[in-house]
Amino acid sequence: MALDPLTLLTMTIALALAAALYLAVEWRTVREPALLLWSAGFALISVGSTLALLRSSGLLVIGIWFANGLLIISHGLFYAGVARFTETKLSRAWLLVAAIWLAMLLLPEGPQWSKTMLLVNSLLIALITIRASFLLRPKGKSFGAGAAQLRFVLLGHGLFYIAKAIPVLVPGTLIDLASFHGLIIQISLVEGVMALMLIALSMTGTVRIRREQRIERLAARDPLTAMYNRRALEARAPHLLNAAAPARPGALLLIDIDNFKLVNDLHGHAAGDRLLVALGEVIRVALPEGALAARLGGDEFVILLKNTSTEQIVELGEALRERFRVIAAEEFATPEAVTLSVGASLFDQPPASLAALIEQGDVALYASKRGGRDSIRLVDRTASAAPLAG
(Lines give C-alpha, C1' and ligand atoms only; values in the text may rest on other atoms or scores of the structure.)
Protein backbone atom coordinates (compact mmCIF):
# COMPACT_ATOMS: atom_id res chain seq x y z
CA MET A 1 0.00 0.00 0.00
CA ALA A 2 1.52 3.31 -1.15
CA LEU A 3 1.85 6.07 1.42
CA ASP A 4 -0.06 8.61 -0.65
CA PRO A 5 -1.85 11.50 1.10
CA LEU A 6 -5.20 9.72 1.26
CA THR A 7 -3.60 6.63 2.79
CA LEU A 8 -1.76 8.74 5.34
CA LEU A 9 -4.98 10.54 6.27
CA THR A 10 -6.72 7.20 6.71
CA MET A 11 -3.88 6.02 8.99
CA THR A 12 -4.15 9.28 10.94
CA ILE A 13 -7.88 8.75 11.48
CA ALA A 14 -7.36 5.18 12.71
CA LEU A 15 -4.41 6.04 14.98
CA ALA A 16 -6.12 9.10 16.47
CA LEU A 17 -9.32 7.20 17.13
CA ALA A 18 -7.42 4.32 18.76
CA ALA A 19 -5.45 6.77 20.93
CA ALA A 20 -8.66 8.60 21.94
CA LEU A 21 -10.35 5.35 22.97
CA TYR A 22 -7.31 4.05 24.83
CA LEU A 23 -6.81 7.25 26.81
CA ALA A 24 -10.53 7.34 27.63
CA VAL A 25 -10.30 3.79 29.00
CA GLU A 26 -7.21 4.77 31.00
CA TRP A 27 -9.14 7.71 32.44
CA ARG A 28 -11.87 5.39 33.71
CA THR A 29 -9.16 3.59 35.68
CA VAL A 30 -7.05 6.42 37.10
CA ARG A 31 -9.36 9.46 36.81
CA GLU A 32 -6.51 11.73 35.75
CA PRO A 33 -8.21 14.81 34.17
CA ALA A 34 -5.37 15.27 31.68
CA LEU A 35 -6.32 11.95 30.09
CA LEU A 36 -9.79 13.22 29.18
CA LEU A 37 -8.36 16.35 27.58
CA TRP A 38 -5.81 14.35 25.61
CA SER A 39 -8.46 11.82 24.59
CA ALA A 40 -10.68 14.64 23.32
CA GLY A 41 -7.72 16.06 21.40
CA PHE A 42 -7.13 12.79 19.57
CA ALA A 43 -10.86 12.45 18.88
CA LEU A 44 -10.85 15.88 17.22
CA ILE A 45 -7.83 14.90 15.12
CA SER A 46 -9.78 11.87 13.94
CA VAL A 47 -12.79 14.03 13.04
CA GLY A 48 -10.66 16.71 11.42
CA SER A 49 -8.74 14.19 9.31
CA THR A 50 -12.02 12.66 8.20
CA LEU A 51 -13.30 16.08 7.14
CA ALA A 52 -10.00 16.75 5.34
CA LEU A 53 -10.88 13.93 2.93
CA LEU A 54 -13.73 16.12 1.67
CA ARG A 55 -11.45 18.82 0.28
CA SER A 56 -10.85 16.84 -2.91
CA SER A 57 -14.63 16.94 -3.45
CA GLY A 58 -14.63 20.72 -3.50
CA LEU A 59 -15.93 21.24 0.06
CA LEU A 60 -13.12 23.62 0.91
CA VAL A 61 -14.63 25.38 3.92
CA ILE A 62 -15.25 22.07 5.68
CA GLY A 63 -12.30 20.12 4.27
CA ILE A 64 -9.69 22.83 4.79
CA TRP A 65 -10.74 25.66 7.08
CA PHE A 66 -12.88 23.65 9.52
CA ALA A 67 -10.63 20.57 9.44
CA ASN A 68 -7.51 22.61 10.19
CA GLY A 69 -9.40 24.50 12.87
CA LEU A 70 -10.09 21.17 14.61
CA LEU A 71 -6.38 20.34 14.32
CA ILE A 72 -5.51 23.57 16.18
CA ILE A 73 -8.18 22.91 18.82
CA SER A 74 -6.85 19.38 19.32
CA HIS A 75 -3.38 20.73 20.03
CA GLY A 76 -4.98 23.24 22.37
CA LEU A 77 -6.52 20.32 24.25
CA PHE A 78 -3.10 18.67 24.42
CA TYR A 79 -1.77 21.89 25.92
CA ALA A 80 -4.69 22.08 28.38
CA GLY A 81 -3.98 18.48 29.42
CA VAL A 82 -0.32 19.28 30.04
CA ALA A 83 -1.35 22.37 32.03
CA ARG A 84 -3.68 20.23 34.13
CA PHE A 85 -0.99 17.59 34.61
CA THR A 86 1.56 20.20 35.73
CA GLU A 87 -1.04 22.14 37.76
CA THR A 88 -0.52 25.29 35.69
CA LYS A 89 -3.28 27.87 35.36
CA LEU A 90 -4.24 28.67 31.77
CA SER A 91 -4.21 32.29 30.63
CA ARG A 92 -7.19 33.81 28.83
CA ALA A 93 -4.73 35.18 26.30
CA TRP A 94 -4.94 31.82 24.55
CA LEU A 95 -8.43 32.80 23.35
CA LEU A 96 -6.62 34.97 20.80
CA VAL A 97 -5.79 31.77 18.92
CA ALA A 98 -9.50 31.30 18.18
CA ALA A 99 -9.81 34.93 17.12
CA ILE A 100 -6.88 34.60 14.73
CA TRP A 101 -8.34 31.48 13.19
CA LEU A 102 -11.78 33.06 12.73
CA ALA A 103 -10.09 35.94 10.93
CA MET A 104 -8.92 33.45 8.31
CA LEU A 105 -12.48 33.40 6.96
CA LEU A 106 -11.85 36.89 5.62
CA LEU A 107 -9.06 35.70 3.33
CA PRO A 108 -9.86 35.90 -0.39
CA GLU A 109 -9.55 32.69 -2.43
CA GLY A 110 -6.58 32.33 -4.69
CA PRO A 111 -3.01 30.96 -4.81
CA GLN A 112 -1.98 32.95 -1.77
CA TRP A 113 -4.93 31.60 0.24
CA SER A 114 -3.32 28.17 0.65
CA LYS A 115 0.03 29.67 1.61
CA THR A 116 -1.45 32.00 4.21
CA MET A 117 -3.62 29.22 5.62
CA LEU A 118 -0.65 26.87 5.93
CA LEU A 119 1.55 29.58 7.46
CA VAL A 120 -0.96 30.61 10.13
CA ASN A 121 -1.92 27.00 10.85
CA SER A 122 1.74 25.98 11.28
CA LEU A 123 2.69 28.89 13.52
CA LEU A 124 -0.33 28.47 15.79
CA ILE A 125 0.33 24.76 16.30
CA ALA A 126 4.03 25.43 16.85
CA LEU A 127 3.22 28.05 19.48
CA ILE A 128 0.84 25.75 21.34
CA THR A 129 3.02 22.64 21.34
CA ILE A 130 6.26 24.41 22.23
CA ARG A 131 4.51 26.16 25.10
CA ALA A 132 3.17 22.78 26.28
CA SER A 133 6.69 21.33 26.19
CA PHE A 134 7.95 24.22 28.34
CA LEU A 135 5.36 23.41 31.00
CA LEU A 136 6.91 19.96 31.37
CA ARG A 137 10.32 21.32 32.37
CA PRO A 138 11.34 19.91 35.80
CA LYS A 139 11.55 23.33 37.54
CA GLY A 140 12.71 21.77 40.79
CA LYS A 141 10.42 18.75 40.66
CA SER A 142 10.47 15.76 38.35
CA PHE A 143 7.33 14.71 36.48
CA GLY A 144 8.84 11.35 35.56
CA ALA A 145 10.48 9.79 32.52
CA GLY A 146 7.22 9.65 30.56
CA ALA A 147 6.67 13.38 31.00
CA ALA A 148 10.25 14.08 29.92
CA GLN A 149 9.67 12.04 26.77
CA LEU A 150 6.39 13.86 26.09
CA ARG A 151 8.17 17.18 26.56
CA PHE A 152 10.73 16.44 23.85
CA VAL A 153 8.15 14.92 21.49
CA LEU A 154 6.01 18.05 21.75
CA LEU A 155 9.07 20.26 21.33
CA GLY A 156 10.14 18.35 18.22
CA HIS A 157 6.59 18.50 16.87
CA GLY A 158 6.48 22.26 17.41
CA LEU A 159 9.88 22.82 15.78
CA PHE A 160 8.75 20.80 12.78
CA TYR A 161 5.80 23.15 12.32
CA ILE A 162 8.14 26.15 12.49
CA ALA A 163 10.33 24.56 9.83
CA LYS A 164 7.19 23.80 7.83
CA ALA A 165 6.22 27.48 7.86
CA ILE A 166 9.56 28.70 6.47
CA PRO A 167 9.25 27.33 2.87
CA VAL A 168 5.81 28.93 2.62
CA LEU A 169 7.56 32.30 2.48
CA VAL A 170 9.70 31.21 -0.49
CA PRO A 171 8.28 32.52 -3.82
CA GLY A 172 7.15 29.82 -6.21
CA THR A 173 6.59 27.12 -3.59
CA LEU A 174 3.77 24.81 -4.72
CA ILE A 175 1.05 24.55 -2.07
CA ASP A 176 -2.44 23.39 -2.96
CA LEU A 177 -4.47 22.57 0.12
CA ALA A 178 -7.46 21.66 -2.02
CA SER A 179 -5.75 18.64 -3.60
CA PHE A 180 -2.90 17.79 -1.18
CA HIS A 181 -0.29 18.77 -3.79
CA GLY A 182 3.20 19.85 -2.84
CA LEU A 183 6.12 18.24 -1.04
CA ILE A 184 5.52 20.29 2.13
CA ILE A 185 2.03 18.85 2.58
CA GLN A 186 3.16 15.27 1.96
CA ILE A 187 6.03 15.57 4.44
CA SER A 188 3.61 17.11 6.92
CA LEU A 189 1.27 14.13 6.61
CA VAL A 190 4.13 11.69 7.25
CA GLU A 191 5.29 13.69 10.27
CA GLY A 192 1.73 13.87 11.51
CA VAL A 193 1.37 10.09 11.57
CA MET A 194 4.71 9.64 13.34
CA ALA A 195 4.02 12.44 15.82
CA LEU A 196 0.58 11.01 16.55
CA MET A 197 2.06 7.68 17.59
CA LEU A 198 4.87 9.22 19.64
CA ILE A 199 2.59 11.71 21.42
CA ALA A 200 0.07 8.97 22.27
CA LEU A 201 2.78 6.68 23.64
CA SER A 202 4.39 9.52 25.61
CA MET A 203 1.07 10.58 27.10
CA THR A 204 0.36 7.01 28.15
CA GLY A 205 3.80 6.71 29.76
CA THR A 206 3.38 10.06 31.49
CA VAL A 207 0.13 9.06 33.17
CA ARG A 208 1.36 5.55 33.96
CA ILE A 209 4.30 6.96 35.91
CA ARG A 210 1.99 9.45 37.67
CA ARG A 211 -0.30 6.53 38.55
CA GLU A 212 2.59 4.49 39.93
CA GLN A 213 3.73 7.46 41.99
CA ARG A 214 0.21 7.93 43.31
CA ILE A 215 -0.05 4.25 44.25
CA GLU A 216 3.31 4.49 46.00
CA ARG A 217 2.14 7.57 47.92
CA LEU A 218 -1.09 5.84 48.91
CA ALA A 219 0.84 2.81 50.13
CA ALA A 220 2.93 5.09 52.35
CA ARG A 221 0.01 7.07 53.78
CA ASP A 222 -2.59 6.43 56.43
CA PRO A 223 -5.88 6.57 54.49
CA LEU A 224 -7.71 8.56 57.18
CA THR A 225 -5.24 11.28 58.17
CA ALA A 226 -2.97 11.21 55.06
CA MET A 227 0.03 11.04 57.40
CA TYR A 228 2.80 8.51 56.95
CA ASN A 229 1.94 5.03 58.15
CA ARG A 230 4.27 2.82 60.17
CA ARG A 231 5.71 1.16 57.08
CA ALA A 232 6.65 4.54 55.57
CA LEU A 233 8.07 5.71 58.89
CA GLU A 234 10.30 2.64 59.11
CA ALA A 235 11.59 3.32 55.60
CA ARG A 236 12.34 6.99 56.25
CA ALA A 237 13.48 6.92 59.88
CA PRO A 238 17.00 5.38 59.56
CA HIS A 239 18.67 8.47 58.06
CA LEU A 240 17.25 10.61 60.86
CA LEU A 241 18.08 8.13 63.63
CA ASN A 242 21.61 7.55 62.35
CA ALA A 243 22.28 11.30 62.42
CA ALA A 244 22.01 11.36 66.23
CA ALA A 245 25.19 12.46 68.02
CA PRO A 246 26.06 14.14 71.35
CA ALA A 247 26.10 17.50 69.58
CA ARG A 248 22.88 16.72 67.66
CA PRO A 249 20.47 14.70 69.83
CA GLY A 250 17.37 13.17 68.35
CA ALA A 251 14.04 12.51 69.98
CA LEU A 252 10.89 10.47 69.64
CA LEU A 253 7.49 11.69 70.83
CA LEU A 254 4.74 9.11 71.22
CA ILE A 255 1.29 10.72 71.34
CA ASP A 256 -1.96 9.17 72.51
CA ILE A 257 -5.48 10.64 72.88
CA ASP A 258 -6.92 10.54 76.41
CA ASN A 259 -10.59 9.47 76.67
CA PHE A 260 -10.82 8.84 72.94
CA LYS A 261 -13.33 6.05 73.59
CA LEU A 262 -15.75 8.59 75.06
CA VAL A 263 -15.92 10.41 71.73
CA ASN A 264 -16.66 7.18 69.85
CA ASP A 265 -19.26 6.05 72.39
CA LEU A 266 -21.09 9.37 72.73
CA HIS A 267 -20.75 10.86 69.24
CA GLY A 268 -20.09 7.89 66.98
CA HIS A 269 -17.08 6.53 65.15
CA ALA A 270 -17.36 9.17 62.42
CA ALA A 271 -16.76 11.79 65.12
CA GLY A 272 -13.75 9.80 66.33
CA ASP A 273 -12.39 9.79 62.81
CA ARG A 274 -12.79 13.55 62.56
CA LEU A 275 -10.89 13.94 65.82
CA LEU A 276 -8.03 11.80 64.47
CA VAL A 277 -7.91 13.91 61.31
CA ALA A 278 -7.85 17.06 63.45
CA LEU A 279 -4.94 15.72 65.50
CA GLY A 280 -3.08 14.85 62.31
CA GLU A 281 -3.51 18.43 61.11
CA VAL A 282 -2.38 19.83 64.49
CA ILE A 283 0.78 17.73 64.28
CA ARG A 284 1.39 18.67 60.65
CA VAL A 285 1.18 22.40 61.40
CA ALA A 286 3.46 22.21 64.44
CA LEU A 287 6.02 19.83 62.92
CA PRO A 288 9.54 21.34 62.85
CA GLU A 289 11.54 21.32 59.62
CA GLY A 290 13.29 18.02 58.98
CA ALA A 291 11.05 16.08 61.41
CA LEU A 292 8.97 13.00 60.61
CA ALA A 293 5.46 12.23 61.82
CA ALA A 294 3.25 9.20 61.38
CA ARG A 295 0.11 7.53 62.64
CA LEU A 296 1.06 4.17 64.14
CA GLY A 297 -2.54 3.00 64.39
CA GLY A 298 -5.67 3.68 66.40
CA ASP A 299 -5.22 6.97 68.26
CA GLU A 300 -1.44 6.67 68.55
CA PHE A 301 0.87 9.01 66.65
CA VAL A 302 4.65 9.43 66.61
CA ILE A 303 7.05 12.27 65.87
CA LEU A 304 10.78 11.93 65.21
CA LEU A 305 12.97 15.00 65.74
CA LYS A 306 16.59 15.69 64.87
CA ASN A 307 19.10 18.11 66.37
CA THR A 308 16.76 18.96 69.25
CA SER A 309 16.83 19.60 73.00
CA THR A 310 14.72 18.95 76.08
CA GLU A 311 13.38 22.49 75.94
CA GLN A 312 12.28 22.14 72.31
CA ILE A 313 10.65 18.79 73.01
CA VAL A 314 8.66 20.10 75.95
CA GLU A 315 7.69 23.22 74.00
CA LEU A 316 6.43 21.13 71.08
CA GLY A 317 4.58 18.70 73.34
CA GLU A 318 2.85 21.52 75.23
CA ALA A 319 1.87 23.28 72.00
CA LEU A 320 0.30 20.06 70.67
CA ARG A 321 -1.56 19.41 73.91
CA GLU A 322 -2.93 22.96 74.19
CA ARG A 323 -4.09 23.21 70.58
CA PHE A 324 -5.70 19.77 70.62
CA ARG A 325 -7.46 20.38 73.95
CA VAL A 326 -9.13 23.49 72.50
CA ILE A 327 -10.27 21.70 69.33
CA ALA A 328 -11.64 18.68 71.20
CA ALA A 329 -13.52 20.83 73.70
CA GLU A 330 -15.09 22.93 70.93
CA GLU A 331 -16.16 19.97 68.84
CA PHE A 332 -17.18 17.27 71.30
CA ALA A 333 -18.81 17.49 74.73
CA THR A 334 -17.67 14.65 77.00
CA PRO A 335 -17.88 13.99 80.76
CA GLU A 336 -14.08 13.97 80.94
CA ALA A 337 -11.77 16.18 78.92
CA VAL A 338 -10.36 14.74 75.70
CA THR A 339 -6.66 15.55 75.83
CA LEU A 340 -3.23 14.28 74.82
CA SER A 341 -0.63 12.28 76.69
CA VAL A 342 2.90 12.49 75.31
CA GLY A 343 5.84 10.23 76.04
CA ALA A 344 9.21 11.47 74.79
CA SER A 345 12.66 9.91 74.58
CA LEU A 346 15.80 11.98 73.96
CA PHE A 347 18.88 10.16 72.59
CA ASP A 348 22.34 11.12 71.35
CA GLN A 349 23.34 7.78 69.82
CA PRO A 350 21.60 5.90 67.01
CA PRO A 351 19.16 3.47 68.66
CA ALA A 352 19.25 -0.25 67.99
CA SER A 353 16.05 0.05 65.95
CA LEU A 354 12.97 2.16 65.52
CA ALA A 355 10.96 -0.50 67.34
CA ALA A 356 13.27 -0.28 70.34
CA LEU A 357 12.93 3.50 70.35
CA ILE A 358 9.14 3.25 70.21
CA GLU A 359 9.22 0.89 73.21
CA GLN A 360 11.17 3.52 75.14
CA GLY A 361 8.56 6.08 74.14
CA ASP A 362 5.86 3.71 75.39
CA VAL A 363 7.46 3.69 78.82
CA ALA A 364 7.33 7.48 78.99
CA LEU A 365 3.79 7.54 77.57
CA TYR A 366 2.44 5.17 80.20
CA ALA A 367 4.16 7.23 82.87
CA SER A 368 2.18 10.20 81.56
CA LYS A 369 -1.05 8.17 81.62
CA ARG A 370 -0.44 6.96 85.17
CA GLY A 371 0.38 10.49 86.28
CA GLY A 372 -3.10 11.73 85.45
CA ARG A 373 -2.97 12.12 81.65
CA ASP A 374 -2.91 15.42 79.75
CA SER A 375 0.84 15.75 80.28
CA ILE A 376 4.23 15.12 78.74
CA ARG A 377 6.87 12.81 80.22
CA LEU A 378 10.41 12.94 78.92
CA VAL A 379 13.10 10.29 79.37
CA ASP A 380 16.59 11.69 78.72
CA ARG A 381 18.85 8.89 77.46
CA THR A 382 21.78 11.06 76.43
CA ALA A 383 25.23 10.72 77.94
CA SER A 384 24.63 13.82 80.04
CA ALA A 385 21.25 12.58 81.18
CA ALA A 386 19.58 14.21 84.12
CA PRO A 387 16.14 13.05 85.28
CA LEU A 388 13.47 15.36 83.84
CA ALA A 389 9.70 15.24 83.89
CA GLY A 390 7.19 17.77 82.68
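The values are calculated or read from the model by the stated rules, or taken from the named source; none is laboratory data. As the structure is a prediction and not an experimental result, all values here were calculated from the model. Note: ideal-geometry Cβ built from the backbone for every residue, glycine included; neighbour counts use all protein chains shown. What goes into the accessible areas is simple: the full protein's heavy atoms, side chains included, and nothing from ligands, DNA or RNA. Shrake-Rupley method; radii C 1.70, N 1.55, O 1.52, S 1.80 Å.
Quick rundown of the values:
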| read-out | value |
| --- | --- |
| Selection status of T50, in contact (Cβ under 8 Å) with a residue 60 or more places away in the chain, more than 14 Å from I128 (Cα to Cα) and polar (S, T, N, Q) | no |
| Matching option when the condition is assigned by the TED database to the domain that holds I13, over 19 Å from I166 (Cβ atoms) and modelled with pLDDT under 85, among L135, L118, L95 | L95 |
| Test: residue in region 33-56 that is outside any helix (DSSP H, G or I) and at pLDDT below 85 | no |
| Where a residue in region 9-24 is small (G, A, S) and its partner, wherever it lies, is modelled with pLDDT of 85 or more, with Cβ under 6 Å and at least six apart | A16/F42; A16/I45; A16/S46; A19/F42; A20/S39; A20/F42; A20/A43; A24/S39 |
| Selection count where residues are open to solvent by less than 70 Å² (accessible area, probe 1.4 Å) and either assigned to a helix (DSSP H, G or I) or more than 15 Å from V277 (Cα to Cα) (or both), scope region 319-346 | 16 |
| Condition met for W94 (surrounded by 15 or more Cβ atoms within 10 Å (Cβ to Cβ) and without any contact (Cβ under 8 Å) to a residue 40 or more places away in the chain) | yes |
| Filtered residue count, region 232-265, keeping only those that are more than 16 Å from G298 (Cβ to Cβ) and of a type outside the set (A, V, I, L, M, F, W, C) | 9 |
| For R381: the one exception among (1) in contact with a Phe, Trp or Tyr (Cβ under 6 Å, 6 or more places away or on another chain); (2) at pLDDT below 90; (3) open to solvent by less than 50 Å² (accessible area, probe 1.4 Å) | (3) |
| Within region 293-313, tally of residues that are touching a residue at least 40 places away in the same chain (Cβ under 8 Å), open to solvent by 20 Å² or more (accessible area, probe 1.4 Å) and closer than 14 Å to L254 by Cα | 5 |
| Boolean, W27 is closer than 19 Å to M117 by Cβ and either at pLDDT 85 or above or not hydroxyl-bearing (S, T, Y) (or both) | no |
